[in-house]
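Take a look at the structure below.
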Amino acid sequence: MKRRRRTEILIQGDSHVAKEFAASILEQYPCNEIISPRYGLTMLKIRESAKNSLFYLGEVLVTEAKVEINQQIGIGIVAGMKDELAKHLAIIDAAYKAKLPITNEWEIRLLEEEQSILKKKVKKQAALMETKVNFETMDI
Amino acid sequence: MGYVAVKGGTKAIEASIKRLKYERLKGQDSIHVETILATMRGMVDQVMSEASLYDPYLAALAIKQAEGSMEEAVFLLRAHRSTLPRLYYSQTMETENMFVERRISASFKDIPGGQLLGATYDYTHRLLDFQLIEETKSDIEQWLSEYEQEVNCSNPQEEVIYFPKVVDYLREEGLFETNPLENTPPDDITKKSLQFPASRSERLQVLTRGQTGAVTSLGYASLRGYGQVHPTVGEVRVGNLPIYVSPPTEEESEYEDDYYIGEVKLTEVESFVPVMKQNNRNKKELEFEIGYGICFGQNETKAIAMSILDQCLDHPEAPYPTHDEEFVLLHIDSVESTGFISHLKLPHYVTFQSKLDSVRGVKQEVEKDEN
């Protein structure tokens, strides 16, 4: 699974998934911490819809961590102050970059978690849809 | 009369800071940061927006430390921001990808996808609810459980719906101009001081982090006649927008290689403003332009006011203060305006003594002349 989809699942889903994946890597492979979780900023670039131009909206606080496994550097970045999750994400990122066989075993779990996230979103949106307006035209 | 340099006050300052802590604690009660997060959504959103730093937890902490003073909380968060390194820039965010929680139009009744009221104070009675004084945790749990049951009974959808923009629908009909994608890298007012004339990216960056009250007041001033813009709101949308960053060490990475890092809640407004334009046959005709407003959190008044000011500043030829970018952009920042105003209470002994000397001198001259 590619990184974009994978990180969506790991961040939006239950944080235990990332924790379990990272623990299973650490049991089998040596891991060097290059940057321990630290706080920083990510500047948000956005497209405005009046003239279709770009501007900077402001910054979001992020936690970043970097680790090395099998000479591959993994990066974990997540919005907010989430030291543990950032480190777990970095370990998982390094595992995928190093093409460790264990990553193939994660696929089913990730797909299950993706379904669970989708269900929650759909449920949330269904609740919001209760506030959708049904206009009735009045005869005057 | 000579000037005297003075020093001292260290002990008084220390005692004053202690007194400040006493004022915060004397009620022998404290509020948890989590409680502020859970109960003061509007305030947290406003602090993040004016500080230009999105982190609800730190905004709540700033509110606690500042005892609810908005300007102080914004100052604290802005100061904290200045201690952190900027590690990444996001990929371009597009609000079509927003998970919409609220979306309305004042221009059209029937918009594609429909009008979603979401959570809003717009239709509430502005009467104090005295029952909240007695609200207990079990009341809250019971209400939530009943609400969740009610919501569970509603028809579930199959997939998440992403709402189209109202303006895109109008562009397809040829009623609004379609601008090509403009990919010029934006200017950044946190890296380079604002100079005039400002670029569009600088203008929007200043407006989005402007003080809510100041942005609202100037937007209102334009409506009242100190400007030429009176729009109809085409769309207000509130919701969460995902953030992605590209891998910093991988050259030629693909879209699928980006890192998802989380999301931000935003309010976005597109206002439709009628303007007279000359057509190809040299005749004047009415057309619409779009005023754009956006800010962190749910703050619809600020976003609408920003959309008015965006349009005002796009027409600097109008002889009104709200169309003067120097007037607008240099006076709406919370930290700059509150900082400058409040510095007036700090010691100005030398400058004031100098003014007194001048007045005394003039008076003596007048007395001499009269004698």
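A short reminder: the numbers here are calculations on the coordinates, not readings from a lab. The shown structure was predicted, so the numbers you read here are calculated from the model rather than taken from an experiment. Neighbour counts are summed over all protein chains in view; Cβ atoms, including those assigned to glycine, are modelled from backbone coordinates with ideal geometry.
Comparing B:E287, B:E325, B:E300 in a Gaussian network model of chain B (Cα springs below 10 Å), the most mobile by mean-square fluctuation is B:E287.
Pairs over the 19 Å Cα-Cα cut-off, from the set A:K51/B:K265; A:K51/B:K283; A:K2/B:K265; A:K132/B:K165: A:K51/B:K265; A:K51/B:K283; A:K2/B:K265. How big is the gap, in Å, between the Cα center of the stretch B:130-172 and the Cα center of the stretch B:89-108? For the stretch B:130-172 versus the stretch B:89-108, the Cα centre distance is 18 Å. Taking each DSSP H run with n ≥ 4 as -39500 (n - 2.57) and averaging over every residue of the protein assembly as shown yields -13500 deg cm²/dmol at 222 nm.
Summarising the label geometry, the points placed 7 Å from Cα in the beta-carbon direction at A:N70 and A:K99 lie 0.9 nm from one another. Each of B:H315, B:L116, B:A79 was scored by the projection of its Cα onto the charge dipole of chain B, and the greatest displacement toward the positive side belongs to B:A79; charges sit on the C-beta of Lys, Arg, Asp and Glu.
With θ taken as phi - 60° and the Karplus curve 6.51 cos²θ - 1.76 cosθ + 1.60 applied, the whole-hertz 3J(HN,Hα) list for the stretch B:165-179 is 7, 4, 5, 5, 4, 6, 5, 4, 7, x, 7, 10, 5, 9, 8 Hz, x standing for glycine and proline. Think of chain B as having a plus end and a minus end, set by charges on the Cβ of Lys, Arg, Asp and Glu; of B:T184, B:T212, B:Y57, B:T212 sits farthest toward the positive end of this dipole. Charged side chains reduced to their Cβ positions (Lys and Arg at +1, Asp and Glu at -1) give the protein assembly as shown a dipole of some 1480 debye around its Cα centre. Toward the positive end of the charge dipole of the stretch A:2-78, with +1 on the Cβ of Lys and Arg and -1 on the Cβ of Asp and Glu, the farthest Cα among A:V60, A:H16, A:L44 is that of A:L44. Helix B:41-51 against the longest principal axis of chain B: what's the angle in degrees, Cα atoms only, rounded to the nearest 10? Helix B:41-51 and the main axis of chain B meet at about 60 degrees. Full extension of the chain segment joining B:L330 with B:E367 gains 8.9 nm, where the gain is 0.36 nm per residue of separation less the Cα-Cα distance. Close amide H pairs (under 5 Å, H built 1.01 Å from N) link B:V275 with B:E287, B:F288, B:E289, residues at least 5 positions away or on another chain. Restricting the trypsin sites (Lys or Arg not before Pro) of the stretch B:52-134 to loop positions (DSSP other than H, G, I, E, B) with no more than 11 neighbouring Cβ atoms within 10 Å leaves B:K109, B:R126. With 10 Å bins beginning at zero, the pair-distance distribution over Cα atoms of the protein assembly as shown amounts to 3, 15, 23, 24, 18, 10, 4, 2, 1, 0, 0 %.
Between B:L25 and B:K191, residue separation times 0.36 nm minus the direct Cα-Cα distance comes to 55.9 nm. DSSP beta bridges fully contained in the stretch A:3-127 are about 100 percent antiparallel.
Taking springs between alpha-carbon atoms closer than 10 angstrom, which of A:A98, A:A50, A:A126 fluctuates most in the Gaussian network model of chain A? Checking each option, the largest mean-square fluctuation is seen for A:A50. Kindly identify the stretch B:11-81 as rounded, prolate or oblate by the Cα gyration tensor criterion: order the square roots of the eigenvalues as a ≥ b ≥ c, call it rounded if a/c is under 1.5, otherwise compare a/b with b/c, prolate if a/b is larger, else oblate. Note, shape of the stretch B:11-81 comes out oblate. Sparsely packed loop sites in the stretch A:73-140 (the GluC sites (Glu not before Pro) outside DSSP H, G, I, E and B with at most 15 other Cβ atoms within 10 Å) comprise A:E130, A:E136.
Treating r as the C-beta distance of B:Y226 and A:Q115 and R0 as 60 Å, the FRET efficiency rounds to 0.65. Per residue of peptide A:78-86, the mean number of Cβ atoms on other chains within 10 Å of the residue Cβ is 3.
Neighbour counts of other Cβ atoms within 10 Å put A:D83, B:D310, A:D93 in the fewest-to-most order A:D83, A:D93, B:D310. Placing +1 on each Lys and Arg Cβ and -1 on each Asp and Glu Cβ, with no other charges, gives chain B a dipole about its Cα centre of roughly 2140 debye. The ranking of B:R360, A:R5 from fewest to most other beta carbons within 10 Å of each one's beta carbon is B:R360, A:R5. Set the Förster radius R0 to 22 Å, insert the Cβ-Cβ distance between B:A38 and B:Q157 as r into 1/(1 + (r/R0)^6), and round the FRET efficiency to 0.05. Efficiency, rounded to the nearest 0.05: 0.20. Computed from Cα positions, the angle between helix B:212-221 and the longest principal axis of chain B comes to roughly 80 degrees. Which of B:K302, B:K191, B:K137 moves most in a GNM of chain B, Cα contacts under 10 Å? Among B:K302, B:K191, B:K137, the largest GNM mean-square fluctuation belongs to B:K137.
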